[in-house]
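The numbers here are math on the coordinates, done by the rules we state, and not lab data. The structure displayed is predicted, hence computed values, not measured ones. Quick reminder, even Gly has a Cβ in these numbers, built from the backbone with ideal geometry, and neighbours come from all protein chains shown.
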Amino acid sequence: MSGTLNKVMLIGHLGDEVKMHYFEGGNCIGRFPIATNESYTNRQTGEKVTTTEWHNIVVRNKAAEICEKYLSKGDKIYVEGRLKTRQWQGEDGQTRYSTEIQVQDFTFLTPKEGGMPNQGGGAQASTTQGQQRNQPERPADTRPVQQEEEDDLPF
């Protein structure tokens, strides 16, 4: 294989609320941690051991706004994206690093009572080359999101 692949798929629980950051020009990003767990039985003691891994999640623009609106601490979510490592200088002059998952697709897995799109199956959204696209509830509906928001129809 001559190409490379940078793809991450996680199912986990939110460890905190979505923190939004807004920029000039109307763009925004949302950040939140999710926890994934691994359980095994210690062969020597017979004790069940669970380890938790924390992942820093970054969503952009419309996807970030959707996450902020519908996600709460403890909710289960599927995220798909790319690993990206950032580097910066700390206040003490030390070089710091942070590895994040830049989300390209996500699905809410915690059912909500009323108000959440695509009830029963969770909400889905994906981003492609910086553009946000909502997955329609009905596959035959291919109208852009902007047209749906302008309609006054109750469905």
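Tell me the trypsin sites (Lys or Arg not before Pro) within segment 1-37 that lie in a loop according to DSSP and have at most 15 other beta-carbon atoms within 10 Å.
LYS7
Excluding residues fewer than 8 places away in the same chain, name every one of the lysines whose C-alpha is closer than 26 Å to that of LYS62.
Once the sequence-local lysines are set aside, what remains near LYS62 is LYS7, LYS19, LYS73, LYS76, LYS84, LYS112.
Hey, rough spin-label estimate for ASN37 and THR50, points 7 angstrom out along Cα→Cβ, what's it come to in nanometres?
0.2 nm
What is the packing order of peptides 51-61, 88-98, taking the mean over residues of other C-beta atoms within 10 Å and listing the highest first? Walk me through the intermediate numbers first.
On the way: 51-61: 16.6, 88-98: 8.2.
Sorting 51-61, 88-98 by mean packing, highest first, produces 51-61, 88-98.
When you count, for each residue, the other Cβ atoms within 10 Å and take the mean per peptide, how do 38-48, 20-30 rank with the highest first? It would help to have the intermediate numbers written out before the result.
Numbers: 38-48: 8.4, 20-30: 11.9.
Listed from highest to lowest mean packing, they are 20-30, 38-48.
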